Amino acid sequence: MRLWIETGAQARAQALFGLPPLERLRRSIAKLVSSEDVILSGPVDESPAWIGARRDVDTSALGTRLRRALGQGEALVAVDAANAIDPRLIRYLLDSGEDVVASRGEGTMRAVVLRLSPAQAESIPPQAANLCEVADALLAAGRITLLGDHAFPAYVDKLRRFLPYWIYAVDDVPTRRRLERRMFWDNYKGSTDLLTRWVFPPLVWPLVRFCTRWRIHPNTVTVLSIVLAFAAVPLFARGDFLAGFICAYAMSVLDSVDGKVARVTLTDSKIGNLLDHGLDQVHPPFWYFAWAWGLGAHTPDAPLYQLAVWLIIFYVADRIVLGIARHRIGFALHAAGRLDERARSFIARRNITMTIMALALLSGAGAAGLYAVTAWQGLTLAWHSARTAWHGFLSPRRPRPEAR
């Protein structure tokens, strides 16, 4: 399977988050197709360097060049370098055994991607000027089918949500701005806490724009998050709660920034995922114990010291239960049903527990705040244990993520 890329119209395409569509496409397929199986076809060779890709510089109409490429006897996925294309869609069509067309938009904003076998070559109009004309001709002749949303695997496990495939024609600045906002919101998880969903976005959006404009790598943001997370520990421990919570909330905002920068610029990496998710799981116990220490619990027999130990036990047990749930049902527990998704908004996770503690400290009831956080973590553990038992062991029907 080869990837055939029409490059003739890319000069008019707008860059999304600083990435020209062709570069976005190159990053999208880096792990899917070898460069030797990529054909850059167009009337002039204005494409940036793509080491290993074949060049087909020809002034013939697109239809003629596409027919010639199919005449070499291999199936291909045909895309327009002027469009921004969902990497999941390219992966799906490369693996597909059927000729289909994926289409989005209308009129001048319409964009298509086609999966074509060599048998389609003779049905392609030689004078077709763009892929939309090719798609319309093949659809009218009954030679190809339209890819429906029902047939596309739209669930994104990392985001715990369904996202229909997308293809964007990005021809002007207003469209670019609108699509950048849409891509930003599309990269929010389907189930997350109230602060991440409703409070942080006005801060996260300009930071994402800043990082993409100045080409700041998401791992740089993650490292800064790690520094802030652990800088908060000694501040909490010595009772400097204001400075500690400034670091904590700044870290939480940046925790939303790095993943979005990685996804919108296609720069996510294994080390980045390891650092990001590792930080999320490791730092809360340090904060919890530091809260107790900062409130005066300096000996093991102090009630708040023992409370912090129980809080950490509840926290670790909760993470283990969530791991068991994922192993049993095949995806995150919070995507198992609408009740689980809604519960994720306010259960005991970092942003919720630190907000409970911050409010308690502001009201002069720090010890009561630690008791409240511990109780809430214990209740969260009980809730997750019950839902894991039901979905993973007792339910007569295997749960599946629900489309929203």
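Go ahead and set up a Gaussian network model of the chain, Cα springs under 10 Å, then flag whichever of Asn187, Asn219, Asn273 fluctuates most.
Sorting by GNM fluctuation, first place goes to Asn273.
Hey, can you rank 111-124, 190-203 by average C-beta count inside 10 Å, highest first?
Details: 111-124: 19.9, 190-203: 17.7.
The most tightly packed comes first, giving 111-124, 190-203.
How would you order 52-60, 159-167 from highest to lowest mean count of nearby Cβ atoms within 10 Å?
Values: 52-60: 14.2, 159-167: 18.3.
Result, highest mean first: 159-167, 52-60.
Between Phe210 and Arg12, what is 0.36 nm times their sequence separation minus the Cα-Cα distance? Round to one decimal in nm.
Values: separation 198, 0.36 × 198 = 71.28 nm, distance 2.40 nm.
Taking 0.36 nm per residue and subtracting the Cα distance, the gain is 68.9 nm.
Of the options Leu3, Ala368, Tyr92, report the single residue whose Cα projects farthest towards the positive end of the charge dipole of the chain (beta-carbon charges: Lys, Arg +1; Asp, Glu -1).
After comparing all options, I get Ala368.
Using modelled amide H (1.01 Å from N, peptide plane; none on Pro or chain starts), what sits under 5 Å from the amide H of Ser191, excluding residues fewer than 5 places away?
Those qualifying (amide H under 5 Å, at least 5 residues apart or on another chain) number zero.
Counting DSSP beta bridges in the range 2-155, what percent are antiparallel, to the nearest 5?
Roughly 40 percent of the beta bridges in the range 2-155 run antiparallel, per DSSP.
Name the residue, out of Ala325, Ala232, Ala389, whose mean-square fluctuation peaks in a Gaussian network model built on the chain with Cα pairs under 10 Å.
Comparing Ala325, Ala232, Ala389 in a Gaussian network model of the chain, the most mobile one is Ala389.
Sort all Cα-Cα distances of the range 2-155 into consecutive 10 angstrom bins from zero, then give the percent of pairs in each bin up to the one containing the longest distance.
Result returned by the calculation: 11, 45, 38, 7, 0.
For Ala49 and Val199, calculate 0.36 nm times their separation in residues minus their Cα-Cα distance, and state this gained length in nm to one decimal.
Going from the current span to full extension adds 49.8 nm.
Pop the C-beta distance of Tyr371 and Asp136 into the FRET formula with R0 = 60 Å and round what comes out to the nearest 0.05.
Result of the calculation: an efficiency of 0.35.
When we measure straight from the Cα of Lys158, which lysines land under 16 angstrom away, once same-chain ones fewer than 8 places off are left out?
Lys189, Lys260, Lys270
In debye, nearest 20: dipole of the range 321-363 around its Cα centre with unit charges on the Cβ of K, R (+) and D, E (-)?
On the way: 7 positive and 2 negative charges, 20 e Å.
Rounded to the nearest 20 debye, it is 100 debye.
Relative contact order for the range 2-155 using alpha-carbon pairs under 8 Å, separation at least 6, rounded to a whole percent?
25 percent
Looking at the chain, do any whole DSSP H helices span at least 27 angstrom along their long axis by alpha carbon and average -1.0 or above on Kyte-Doolittle, and which?
218-237, 241-265, 270-294, 303-329, 366-389
Please compute the length gained on full extension between Leu274 and Leu146, using 0.36 nm multiplied by the number of residues separating them and subtracting their Cα-Cα distance.
Values: separation 128, 0.36 × 128 = 46.08 nm, distance 3.84 nm.
So the chain would gain 42.2 nm between Leu274 and Leu146.
Treating only the Cβ of Lys, Arg, Asp and Glu as charged (+1, +1, -1, -1), what charge dipole size does the chain show about its Cα centre? Round to the nearest 20 debye.
Once rounded to the nearest 20, the dipole reads 700 debye.
Counting only DSSP beta bridges with both residues in the chain, what percent are antiparallel, rounded to the nearest 5?
50 percent
Give the separation of the Cα centroids, the range 255-309 to the range 149-176, in Å.
31 Å
Label points 7 Å out from Cα along the Cβ direction at Trp390 and Asp240: separation in nm?
Distance between the two pseudo-spin positions: 4.6 nm.
Would you kindly derive the ³J(HN,Hα) couplings of the range 187-192 from the backbone phi angles with the Karplus curve 6.51 cos²θ - 1.76 cosθ + 1.60 (θ = phi - 60°), listing them in order in whole Hz, with x for Gly and Pro?
Couplings: 8, 8, 5, x, 10, 7 Hz.
What net charge do the residues around Asp258 carry, taking every other residue with its C-beta under 12 Å from that of Asp258, with Lys and Arg at +1 and Asp and Glu at -1?
Details: positive: Lys260, Arg263; negative: Asp255, Asp268, Asp276, Asp280.
Surrounding charge for Asp258 is -2.
Out of Asp136, Asp186, Asp86, any idea which swings most in a Gaussian network model of the chain, alpha carbons joined below 10 Å?
Taking springs between Cα atoms under 10 Å, the residue moving most is Asp136.
Among Pro399, Ala386, Phe346, which residue has its Cα furthest toward the positive end of the charge dipole of the range 339-404, with +1 on Lys/Arg Cβ and -1 on Asp/Glu Cβ?
Pro399
If r is the Cβ-Cβ distance from Met1 to Val316 and R0 is 35 Å, what FRET efficiency results, to the nearest 0.05?
According to the calculation, E is roughly 0.15.
Normalising by the residue count of the chain, find the relative contact order in percent from Cα pairs under 8 Å and 6+ residues apart.
Values: 623 pairs, mean separation 55.3, N = 404.
Once divided by the residue count of the chain, the mean separation gives 14 percent.
Since every read-out is calculated from the coordinates, none of them should be taken as a lab result. Computed from a prediction, not measured in an experiment: that's the story for all the values here. No Cβ is skipped: glycine too gets one built from the backbone with ideal geometry, and neighbour counts run over all protein chains shown.
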